[in-house]
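The values are calculated or read from the model by the stated rules, or taken from the named source; none is laboratory data. Since this is a predicted model, take the numbers as computed values, not measurements. We place every Cβ from the backbone using ideal geometry, glycine too, and count neighbours over all the protein chains shown. Side chains are part of the model used for accessible areas, which takes the heavy atoms of the whole protein and leaves out ligands, DNA and RNA. Shrake-Rupley method; radii C 1.70, N 1.55, O 1.52, S 1.80 Å.
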Amino acid sequence: PMQSVTFASLSDLVEGAAPLISQSFGGLRTSPHRAIVEALESMKTRDEELLKTAREKAAAESGTEPGSASSVKYAVRLQRRSAAGFPKDAAVRALAALVPPQHTVSLGAPEVTILVEVFKSLCGVAVVPGYHAMHDFNLHAA
């Protein structure tokens, strides 16, 4: 159930996911490019060119309001197919950086799941409530 489809790059993914996360979680903790900067700076090996570009764009972005939505448990689930060069760890960290601070990560029993599917040069994103409770949409497991 993809809600947004973008080119398979870190910046396009985060920019495409930001409105969905804002709508589902009641705001954003930080702007999309600031989230990318945070994610890349926390990595041991990083793309310096992408980091430089993200810093330049982050300087031009306005601040965000984290909102006051009630706390929910969430998880980020990213799957790559035929896209070994896509920075999976940086993408997960950047998406988690967008979620307001009152929400907590729960990989075991999340209430809301941020799904990311990367296939070759395309990237799909969806924010799905109850995905884990529905056995990851697996009819045989239910």
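Quick notes
- Accessible surface area normalised per residue over the chain is 54 Å², counting heavy atoms of protein chains with a 1.4 Å rolling probe.
- A Gaussian network model of the chain, with springs between Cα atoms under 10 Å, assigns the largest mean-square fluctuation among THR104, THR45, THR53 to THR45.
- HIS135 - accessible surface, heavy atoms, 1.4 Å probe, Å² rounded to 10: 90
- Solvent-accessible area of MET134 with every protein chain in place, 1.4 Å probe, in Å² to the nearest 10: 90
- SER70-PHE137 FRET efficiency (beta carbon distance; Förster radius 35 Å; 0.05 resolution): 0.90
- For segment 18-25, 3J(HN,Hα) per residue [Karplus equation, 6.51 cos²θ - 1.76 cosθ + 1.60, θ = phi - 60°, Hz, x = Gly/Pro]: 4, x, 5, 5, 4, 5, 7, 10
- Under a 5 Å amide H cut-off, with hydrogens placed 1.01 Å from N, PHE119 pairs with ARG81, GLY124 among residues at least 5 apart or on other chains.
- Placing unit charges on the Cβ atoms of the charged side chains and taking the dipole of the chain about its Cα centre, the candidate lying farthest along the positive direction among LEU51, LEU107, ALA141 is ALA141.
- Residues of type lysines that LYS57 reaches as a straight line, Cα spacing below 29 Å, ignoring anything fewer than 8 places off in the same chain: LYS44, LYS88, LYS120
- Solvent-accessible ranking of PHE119, PHE86, largest area first, probe 1.4 Å: PHE119, PHE86
- Identified option (computed mean projected area of the Cα convex hull in nm²; candidates [x] 8.7; [y] 9.1; [z] 11.8): [x]
- Overall form of segment 1-76 per C-alpha gyration tensor (a/c, 1.5; a/b vs b/c): prolate
- Computed on protein heavy atoms with a 1.4 Å probe, the accessible areas place SER4, SER24 in the order SER24, SER4, largest first.
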